[in-house]
Amino acid sequence: MAPTRTAQWIVDGKNGFDNLKLEPSADIPILGDHDCLVQVEAVSLNYRDLIIPKGQYPLPVKLPVVPGSDACGTVLSTGSRVSRFSTGDRVCTLFNQGHLAGSLDPKSLGTGLGGNLNGTLRQFAVFEEDGLVLAPKNLSQTESSTLTCAALTAWNALYGLRSLKPGEWVLTQGTGGVSIAAIQFALAAGATVIATTSSDAKAQKLRGLGVQHIINYTKIPNWGEEAKKVTPGGMGVHHIVEVGGALTAAQSLRAISIDGVISVVEFLSGPVVANQPTLLDTLTSICVVRGLIVGSRFQFEEMIKAIEINDIRPLIDEKVFDFQEVRETYQYMWDQKHFGKVVVRIC
């Protein structure tokens, strides 16, 4: 018999992690014709999840909301007209539930899990079949739970506008989930990777992943110029996955090649500061700068094929948390104690 109640976490304010509340028993929505009831088995966190309860997320959020966008689980039952899944299938959630292919539009932009729609930090959830994809055959539930946001964002950055080619150069920033995924995808494609980091210890871990060039930006503040120097003929890098924002944009413009693509995917360094680059700097650098929010279901399914064919395994932090430890999980990630994706085991 299908469950009718679920334990779930909610965010009910914007004053910090104390706004995370555990509801021990909540109604599970009635299954519609095109819906799947999913037992959520693992959820991974993203920077977005941390800043929503802190009131720092720049896009609309409807509170109270079940947080979390990323999950892997098992289909327990399906609506009468579901055709894409069967009971027992392992599935991953799509970040923007309405973004099936092509570009985002205002409607699909408003379908983000854990923001406008109830998310994944719950034991059981109902999703429309269009908002799910089959999990990769080569990955565990824990590994698959990391793909929804960070991995798909990295994939979109490298393949969404101009596809990465073997032999090209990619620059990543730091050791967060998007950057690590971009490194793995780039190396699998035969690209050369330059990674920036602030830590010699993390630099060693990046070398372990196969990164060929590492720049410590605390020791080399003008890392953009340094990155450009190490490319053949000093021509610059072809793809930059820009996660820093205000404090890194100028350096990215110094590192990029002519006709290179800078994909702006996060804003970890905070709000805009003085003397920032302007649109005219794209002319000076002769490059493309694009903003993106995760990716479509079509891109997700393309990415999963690449993950299976190349046996790419997401990097997961050594500490995996239990469902009751969500507040501790948020704080652990906020304190930057992690390396790789932070995962909550639901069951």
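Being touching a residue at least 60 places away in the same chain (Cβ under 8 Å), among the basic types (Lys, Arg) and surrounded by fewer than 24 Cβ atoms within 10 Å (Cβ to Cβ) narrows it down to one of 122, 81, 162, so name that one.
None of the others qualify; the one that does is 162.
Specify which of the listed residues (7, 2) is out of contact with any Gly (no Cβ under 9 Å at 6 or more places or on another chain) and surrounded by 14 or more Cβ atoms within 10 Å (Cβ to Cβ).
7
I need the full set of residues from the range 10-26 which are assigned to a strand (DSSP E or B) and buried (at least 17 other Cβ atoms within 10 Å of the Cβ), in order please.
10, 11, 20
So, in the range 32-53, of the ones that are part of a strand (DSSP E or B) and polar (S, T, N, Q), which residue ends up farthest from residue 14 (Cα to Cα)?
39
Regarding residue 276, is this residue modelled with pLDDT of 95 or more and of a type in the set (S, T, N, Q)?
The answer is no for residue 276.
For the condition touching a strand residue (DSSP E or B) at 6+ places or on another chain (Cβ under 9 Å), within 23 Å of residue 336 (Cα to Cα) and in a loop (DSSP other than H, G, I, E, B), what is the one hit in 3, 29, 67?
67
Exactly one condition in (1) out of contact with any strand residue (DSSP E or B) (no Cβ under 7 Å at 6 or more places or on another chain); (2) farther than 29 Å from residue 337 by Cα; (3) not hydroxyl-bearing (Ser, Thr, Tyr) is not met by residue 126; state its number.
So the condition that residue 126 fails would be (1).
Please indicate, with yes or no, whether at least one residue in the range 294-305 is of a type in the set (A, V, I, L, M), at positive phi and over 16 Å from the mean Cα position of the chain (by Cα).
No, the conditions are met nowhere in the range 294-305.
Please find, among 45, 104, 139, 100, the residue that is within 23 Å of residue 180 (Cα to Cα) and surrounded by fewer than 24 Cβ atoms within 10 Å (Cβ to Cβ).
Result: 139 is the single residue among 45, 104, 139, 100 that is within 23 Å of residue 180 (Cα to Cα) and surrounded by fewer than 24 Cβ atoms within 10 Å (Cβ to Cβ).
Does the range 205-223 contain any residue that is modelled with pLDDT under 95 and either under 18 Å from the mean Cα position of the chain (by Cα) or of a type in the set (Gly, Ala, Ser) (or both)?
no
The values are calculated or read from the model by the stated rules, or taken from the named source; none is laboratory data. Note that the structure is a prediction, hence the values are computed from the model and not measured. Every residue, glycine among them, receives a Cβ derived from its backbone with ideal geometry; neighbour counts consider all protein chains shown.
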